[in-house]
Amino acid sequence: MVGEAETHHSLPFVMWCMMLRERSLQIQRQERNQRLALIIFGIALFGVVLFCAMIGWQILAPGPREIAAGAVNTYSVNTPQRFVVPKLAVSAWVRQRRDVSEDVVFVFYDQDGSWRAFLGMDTVTGCFLDWNAAEQLFVASRDPECLGARFTPDGRYLDGGNPAQQQQQMIQLPVETRTNTVVVFDQLFRPNEP
């Protein structure tokens, strides 16, 4: 009889321990789910903050430097105007950039009514270009370091320069007109941008 009474008393204790264990496992699952939810929330919050920072940077960041390139009515069709300007950021794309504090920019008004602007520099040697009106070409000096590279009016490499080096086009810059003023931007031209 004594053994039977002990079994009855120990049964509630075993059930109590099982319930306690089950409750402990349930609490662990809830804590794990809460940690997972907190991690997901943190990642989502980081994504939202990053997105807002990118949008904010685009809104607040200064645009490219603008260069006034004269009045619209001073341009002749297919005759570029040459401007000496303070060193441009886009000139960093030139392979052998010379240590000078200014750059040359050429601005064209085409017979089809479009505008084009180019960095007046040979992209391989870093030599400044001039416009040869007789040949209707941009030309580099025939000095030994400049090698006499020539470029078409639309900035494509024609000939000259070092045959051992891959020649490139002239660097084109975005240009627009505002009222009666031509404005060139210190950034690379991207033809598909509005």
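List of remarks:
- Compactness of the chain as Cα Rg over 2.2 N^0.38 Å, two decimals: 2.18
- Nearest-ten-degree value, helix 2-60 long axis tilted from longest Cα axis of the chain: 10 degrees
- Theoretical gain in end-to-end length, residue 111 to residue 55 [0.36 nm per residue, Cα-Cα removed]: 16.2 nm
- Local electrostatic count at residue 159 - Lys and Arg +1, Asp and Glu -1, tallied over other residues with Cβ under 13 Å: +1
- Between 92, 37, 188, the Cα set farthest toward the positive side of the dipole of the chain (charges on each charged residue's Cβ, about the Cα centre) is that of 37.
- Lone cysteines, the chain (no partner Cβ under 4.7 Å): 17, 52
- Signed unit charges on C-beta, dipole axis of the chain, positive-most listed residue 17, 52, 129: 17
- Calculated FRET efficiency for the pair residue 34/residue 92, C-beta based, R₀ 45 Å, to 0.05: 0.30
- Peptides 128-141, 37-50, 64-77 ordered by average Cβ neighbours within 10 Å, highest first: 128-141, 64-77, 37-50
Each value in this text was obtained by applying a stated rule to the coordinates, not by laboratory testing. Bear in mind that the values here come from a model prediction, so they are computed numbers and not experimental data. Note that we place each Cβ from the backbone using ideal geometry, even for glycine, and neighbour counts take in every protein chain shown.
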